1. Assuming THR658 fulfils every condition listed in (1) open to solvent by 70 Å² or more (accessible area, probe 1.4 Å); (2) modelled with pLDDT of 80 or more apart from one, which condition is it?
2. If VAL405 passes every condition in (1) part of a strand (DSSP E or B); (2) at pLDDT below 80 but one, which one does it miss?
3. Do the conditions hold for SER258, that is, is it part of a helix (DSSP H, G or I) and within 40 Å of the chain's Cα centre (by Cα)?
4. Would you mention how many residues in segment 23-52 are touching a strand residue (DSSP E or B) at 6+ places or on another chain (Cβ under 9 Å), open to solvent by 30 Å² or more (accessible area, probe 1.4 Å) and at negative phi?
5. For segment 195-210, how many residues meet the condition of being open to solvent by 30 Å² or more (accessible area, probe 1.4 Å) and either assigned to a helix (DSSP H, G or I) or under 30 Å from MET154 (Cα atoms) (or both)?
6. Looking at (1) within 23 Å of LEU245 (Cα to Cα); (2) open to solvent by 50 Å² or more (accessible area, probe 1.4 Å), find the lone condition where SER330 falls short.
7. So, in segment 559-589, exactly how many residues are open to solvent by less than 30 Å² (accessible area, probe 1.4 Å) and touching a Lys or Arg at 6+ places or on another chain (Cβ under 6 Å)?
Amino acid sequence: MHGNDRDIRSYYTYAEKELLPRLEQIEGVDKATIYFEPPEEIVIRVDPYLMVQHGISLTDFSSVLSEAKNMSAGYVDVGERQFVVRYSGADTIEALKNTVLRFDELPIAVKDVAKISLERRDVVSFATFNSEDAILIRIEKAVSTNLLTVLGNMQEQMASLNNQELKAEQLELVQSYDPSVFIYRALSFLSSSLFLGFLVSSLVLYAFCRHYAITAISIVIIPISMLGAMLVLYVSGQTVNIISLAGLALSVGMLLDSAIAVVMSISHSDNGKVDTNTAIIEGVRKVTPALFCSTLTTIIVFIPVFFSNDIGSQLFKDLSITISASLIFSFFIAISIIPVFYRYFVKIKYHTTIRPPSQLVSWQKNGKFKTKLAVILLALPLLIMPFTIPKVDYLPYIKRDAVDVFVSIPPGKSRDKLKRSLADYFNKEISSETNKHFGIKNYYVWAFPGGSSIGIRLDDQDKVPEFMGYLKDDLFSAYKDANAIVFQGALLGQFGGGRSIDVNLTNKDLRSLNHDVSIVKKAIKEKLPDALIQVAPNLDIPDPLLNISPNVQVVRQNHMSIEQVGQWIQTIGNGWFLGEFFDGSQRHHVYVKSDNWSDINHLYSTPILTEKKDELSLSQLVDVNVTASYSNIRRVNGERAFTLSVIPPEKMSMSEATVLLRELELGLSAKLD
């Protein structure tokens with residue numbers, strides 16, 4: 001919240017202990033988690049110079065601290081009673097600080113050579129939301145719960161927390177992503193399409209039958225059948241969603257078929273030679289078998305969907321239910337309710353036989369015309385089919401009013417510092433007055449171990465292309481310290497919205513593999529100029545590597561082990577794991593770390609006390625070689641691999657892109673190592 005200067009990292013414990021349980025109590029919520037939450041640890045930061053000064057080696061230090069731990073000794077029987085035996089060492093951080101390492105003229109305690117604190121591991125991830133430091137929380141709904149209901153419950157709980165507990169802490173819960181916007185937008189579009197289809201079908205029916213009463217009693221079948229389909233959805237435990245509404249919209253025209261067939265049959269039977277009741281019975285009897293067969297053949301198509309659990313069946317089950325249920329209801333309504341309406345609302349004296357347009361009737365009487373038309377209708381599809389088969393794709397690329405940016409860090413840069421400077425730069429530029437005309441709703445920056453991700457949501461979908469051009473050509477082109485991939489967010493899927501094709505390159509030789517990736521990436525760019533390509537691990541970001549190897553001869557001469565030297569090396573990195581510490585309520589990992597060193601020379605000169613109590617510098621015990629490598633190694637079939645995730649251009653299908661990549665694979669096989 002604006003005005004709160006407290007470090008956001010200090011709220012991790014509060015969020016974990018107080019906030020997450022409240023969010024998980026929301027009806028319909030399965031769990032709430034914090035993105036990349038660093039664990040709480042006991043960190044002992046030793047000072048190598050003070051340890052040498054007081055004659056304490058790392059082995060002595062770890063040995064004394066290990067003895068200070070609480071330990072369980074099992075059970076002991078004393079007479080007729082059994083006791084639990086527990087050895088109590090230090091049970092608080094303060095007790096650890098006062099643990100005596102050795103006695104000289106005065107006792108030397110841990111606090112004399114080290115600092116102990118309960119802290120979270122060095123933050124490898126941070127986030128900002130609308131330029132404010134933030135903690136990202138992911139809330140997942142329970143299976144088989146309604147998303148809109150869960151969102152409503154969540155927003156109600158968030159409002160309550162913001163007005164009470166969080167207000168006192170100067171914090172605020174903000175919903176960054178609201179899927180209900182897309183749901184309501186899609187439902188509104190389909191509802192309007194459904195109404196428009198109903199209206200147009202009614203007008204077309206009237207244009208052909210030219211009778212108000214017959215049009216009215218025919219279109220009654222549509223709302224009644226749809227109500228029946230809704231009832232089936234309710235009984236089967238399904239929901240009204242985009243897929244089920246699409247099924248209703250598609251079935252509007254089919255629902256009228258049954259009513260039209262019945263009304264036309266009755267009309268032809270009601271020719272004045274028999275009474276109306278007899279005409280109705282005769283008319284319905286004539287078309288019932290044909291309607292039954294027509295309805296059955298349509299429903300049979302969907303039977304495999306009901307009895308399968310693959311992805312396609314799960315996706316189209318609601319569509320199948322709505323279409324099948326509405327058609328079944330329309331059949332029974334057509335042979336039962338429609339005849340009753342005809343009996344009471346279509347008066348004989350106003351009745352005329354339903355006739356198609358006169359020109360169409362004349363064509364039907366022309367035998368030669370009908371023969372030619374039949375030949376054309378049969379031959380034409382067979383001739384043009386090979387040239388008009390559409391391309392194959394998995395899912396449509398449905399855009400949302402959001403822009404996503406993936407940022408990679410060039411080699412040789414301090415990632416943590418650069419990520420923070422990137423966030424500061426982006427937050428400053430995006431919040432300036434010059435960008436207000438884009439209608440930015442909210443934005444976030446999320447830095448994580450593999451890079452940084454930025455998401456910007458706009459109020460107006462039409463401004464997304466212009467905004468993407470601004471990001472590519474102006475904002476990120478002016479920031480030379482990072483490489484950015486800008487793409488429009490997809491509603492279905494993650495990077496590429498389910499349209500990503502993975503190209504795996506494997507090679508036992510890392511240098512050759514690096515060379516192969518460069519060749520393939522360049523070739524893909526030439527073959528698919530507008531494609532987005534993401535390489536994992538990032539080809540442009542090899543990690544600076546300190547390759548430290550022990551000087552075995554010197555180590556042995558000073559009665560040290562290779563393991564002891566390795567423990568010192570661990571202290572200058574992420575820490576040497578000493579064990580676990582139980583404070584009476586919670587267990588914490590204990591890590592020993594040395595003070596941060598500012599440069600390589602400082603590292604070389606770090607003093608170490610040997611087992612013979614001689615002082616040596618680290619450079620005398622180890623050899624250090626500065627190189628570069630990749631920290632995130634992928635393996636495919638046991639070999640090192642790079643993965644190129646290729647997103648085809650927007651107007652190119654997945655099948656077309658796959659064919660081009662296959663051709664590229666054949667052409668490049670000889671060039672690759």
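The values are calculated or read from the model by the stated rules, or taken from the named source; none is laboratory data. A quick note: this is a predicted structure, and the numbers were derived from the prediction, not measured. A quick note on method: Cβ atoms are made from the backbone with ideal geometry, for glycine too, and the neighbour counts reach across all protein chains shown. Side chains are part of the model used for accessible areas, which takes the heavy atoms of the whole protein and leaves out ligands, DNA and RNA. Shrake-Rupley method; radii C 1.70, N 1.55, O 1.52, S 1.80 Å.
1. If we test THR658 against (1) open to solvent by 70 Å² or more (accessible area, probe 1.4 Å); (2) modelled with pLDDT of 80 or more, just (1) comes out false.
2. For VAL405, the failing item is (2).
3. Taking the combined requirement at face value, the residue does not satisfy it.
4. The total comes to 12.
5. So the count comes out to 10.
6. (2)
7. Total satisfying the criteria: 2.
Yes/no per residue for (1) assigned to a helix (DSSP H, G or I); (2) modelled with pLDDT of 80 or more; (3) closer than 30 Å to PRO48 by Cβ; (4) touching a Leu at 6+ places or on another chain (Cβ under 7 Å):
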{"residue": "ARG511", "(1), (2), (3), (4)": "yes, no, no, no"}
{"residue": "LYS522", "(1), (2), (3), (4)": "yes, yes, no, no"}
{"residue": "GLU526", "(1), (2), (3), (4)": "yes, yes, no, no"}
{"residue": "ILE548", "(1), (2), (3), (4)": "no, yes, yes, no"}
